[in-house]
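Structure, as structure tokens:
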Amino acid sequence: MTLTVTTAPVVPATEEKAPPRRWGSRWPLLPLIATVLLVAVPAEGGEPWVLAGVPAADLVSGVTVLVCAGLLLFLRRRPLTPAAAVVLGLPAVGLALATVTAADPVAALPGFVRYLQIFVLVPAAVLLLVRDAAGFRAVAGALVLLAVVQGTTGVHQYVTGTGASYMGENIRAVGTFGPGDVMGMATVVGYGLVAAAAYALRIPAGTPRRLKPWAAVTAALLVVPLTLSFSRGAWIATAAGTLAVIALTGLRQAVRALAVLGAAGVVLVGGLGVGSEMISQRLTSITEVTSAPDRSVNDRYTMWAAAAGMWREHPAAGVGLKGFPAHRDGHASIGLSSGSDTAGAGQEFRKQPLLSPHNMYLLVLSEQGLIGFTALVGSWAALLVGGVRRLMLARARGEAAVDCGLAAVGLMTWQTVDFLYADIGGPSTVLTGIVLGLAAWWALAAPERTTAA
């Protein structure tokens with residue numbers, strides 16, 4: 001007698017996939033995206049749109065910080081890692097010291113709040129609220145969208161002669177920022193161009209392949225408003241940021257990208273004759289700043305010398321936050337003009353006082369001394385070096401979020417180079433905190449948050 005045993009067929013186990021993260025769980029990103037997009041609100045009478053005396057974008061950035069604090073307190077989300085706490089928190093020490101040692105600590109207090117917002121609180125909020133690569137891409141995408149809006153407005157200003165005054169003509173592209181903040185549009189367009197270039201070179205995982213040509217076209221078109229901003233510092237910073245992105249994608253792809261970028265520059269600027277004569281003069285002036293500087297360059301050199309003089313007199317803690325204007329005349333030569341002339345873009349002629357050295361490093365050195373300089377610039381250096389190191393590891397491992405690393409390193413490179421020619425000020429300043437936060441997310445966030453697509 002034969003005994004037959006019947007067994008049920010074995011069904012291969014299938015991996016249980018985690019449900020896709022929906023926007024219902026991403027609502028904390030909304031204040032971040034709103035902060036970016038509200039920068040585009042048009043200025044009225046040369047002043048940004050304000051609520052209760054505070055620019056709208058800055059007000060929403062405060063809401064972002066409160067949302068982040070609420071999530072930490074009530075949802076018990078993990079706070080910053082020790083490394084992130086040191087890198088982002090160290091500047092607060094230098095800021096506090098420069099405030100309490102200032103000749104007038106009460107007058108320095110607004111400066112303390114502003115620096116704390118831009119260099120500590122907003123970057124920390126971005127680091128904590130961006131939970132994965134998709135969140136990073138959403139915020140970076142908002143930067144690109146803002147750049148497209150501002151760039152389109154700037155090109156329209158050039159074509160119709162409704163921009164800011166430049167060499168006697170109202171053709172300078174300033175977007176919605178007005179002639180009082182000629183660097184605003186250039187800053188926004190520079191951010192967007194670098195981010196778009198990163199996504200053109202390394203398409204995000206899981207996205208349609210048609211995104212790559214669209215990102216490339218967007219980056220190429222943004223060259224036009226950037227050029228028409230006539231901002232030499234923004235040109236140099238954008239070139240540095242874009243070259244950093246290209247170099248970090250690999251040699252073969254870098255060669256192709258440089259060829260395409262060169263062709264686009266020739267067609268859009270040279271071939272179409274977009275302000276060719278004025279642009280040529282502006283480019284030439286970059287290499288002639290030491291032999292035949294124009295008035296703006298002469299004023300900048302004078303203010304740089306004044307900032308260095310302040311630091312030499314107060315090497316440790318500087319003259320205090322917001323102290324540069326009060327000490328400027330005592331350290332500047334008689335060659336410094338009374339202010340820069342601004343007009344156009346809906347604003348009557350006015351003199352804009354020169355209240356900063358237009359160099360963030362010298363501004364920090366003069367107002368915060370070597371202690372504050374080491375803390376703040378050391379924090380930026382840690383983000384840049386950490387971001388590059390993290391990107392190299394991600395490329396070697398074939399991780400899906402390499403595109404985020406390229407954008408983060410490119411944006412951080414842009415910011416550190418631009419600080420050689422500019423400092424914080426104006427409605428676009430809040431975006432500096434966003435960019436530092438994106439760089440911090442890539443360099444300092446826990447590995448599980450930066451490896452997933």
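The values are calculated or read from the model by the stated rules, or taken from the named source; none is laboratory data. All figures in this text were calculated on a predicted structure; none of them were measured in a lab. A quick note on method: Cβ atoms are made from the backbone with ideal geometry, for glycine too, and the neighbour counts reach across all protein chains shown. Heavy atoms of the whole protein, side chains included, go into the accessibility calculation; ligands, DNA and RNA do not. Shrake-Rupley method; radii C 1.70, N 1.55, O 1.52, S 1.80 Å.
Going by the conditions given, is A381 modelled with pLDDT of 90 or more, small (G, A, S) and either under 28 Å from L109 (Cβ atoms) or surrounded by fewer than 20 Cβ atoms within 10 Å (Cβ to Cβ) (or both)?
yes
The rows are residues; the columns are (1) crowded, with 20+ Cβ neighbours inside 10 Å; (2) in contact with a Cys (Cβ under 6 Å, 6 or more places away or on another chain); (3) among the hydroxyl-bearing types (S, T, Y); (4) in a strand (DSSP E or B).
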residue	(1), (2), (3), (4)
L355	no, no, no, no
A396	no, no, no, no
D403	yes, no, no, no
Y421	no, no, yes, no
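Residue pairs, Cβ under 8 Å, 6 or more apart or interchain, first in region 203-219 and more than 17 Å from V149 (Cα to Cα) and open to solvent by 70 Å² or more (accessible area, probe 1.4 Å), second of a type outside the set (D, E, K, R) and at pLDDT below 80. List them.
Here the result reads G206/A400; G206/A453, each pair linking region 203-219 to a residue that is of a type outside the set (D, E, K, R) and at pLDDT below 80.
Only one residue in A83, A124, A98 is open to solvent by 40 Å² or more (accessible area, probe 1.4 Å) and touching a residue at least 40 places away in the same chain (Cβ under 8 Å). Which one?
A83
Looking at region 429-453 only, could you name the residues that are modelled with pLDDT under 90 and open to solvent by less than 10 Å² (accessible area, probe 1.4 Å)?
T450
Residues are listed down the side, and each one gets a yes or a no for (1) surrounded by fewer than 24 Cβ atoms within 10 Å (Cβ to Cβ); (2) outside any helix (DSSP H, G or I); (3) touching a residue at least 24 places away in the same chain (Cβ under 8 Å); (4) among the small types (G, A, S):
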position: S165; (1), (2), (3), (4): yes, yes, yes, yes
position: V174; (1), (2), (3), (4): no, yes, yes, no
position: V182; (1), (2), (3), (4): no, no, yes, no
position: A186; (1), (2), (3), (4): no, no, yes, yes
position: Y191; (1), (2), (3), (4): no, no, yes, no
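So which pairs qualify, if the first residue must be in region 404-418 and within 13 Å of L436 (Cβ to Cβ), the second must be of a type in the set (S, T, N, Q) and assigned to a helix (DSSP H, G or I), the Cβ gap must be under 8 Å, and the two must be at least 6 apart or on different chains?
Here the result reads W414/T238; Q415/T432; D418/T187, each pair linking region 404-418 to a residue that is of a type in the set (S, T, N, Q) and assigned to a helix (DSSP H, G or I).
Output the number of residues of region 297-318 satisfying the condition of being touching a helix residue (DSSP H, G or I) at 6+ places or on another chain (Cβ under 8 Å), more than 23 Å from V93 (Cβ to Cβ) and open to solvent by 20 Å² or more (accessible area, probe 1.4 Å).
Qualifying residue count, region 297-318: 3.
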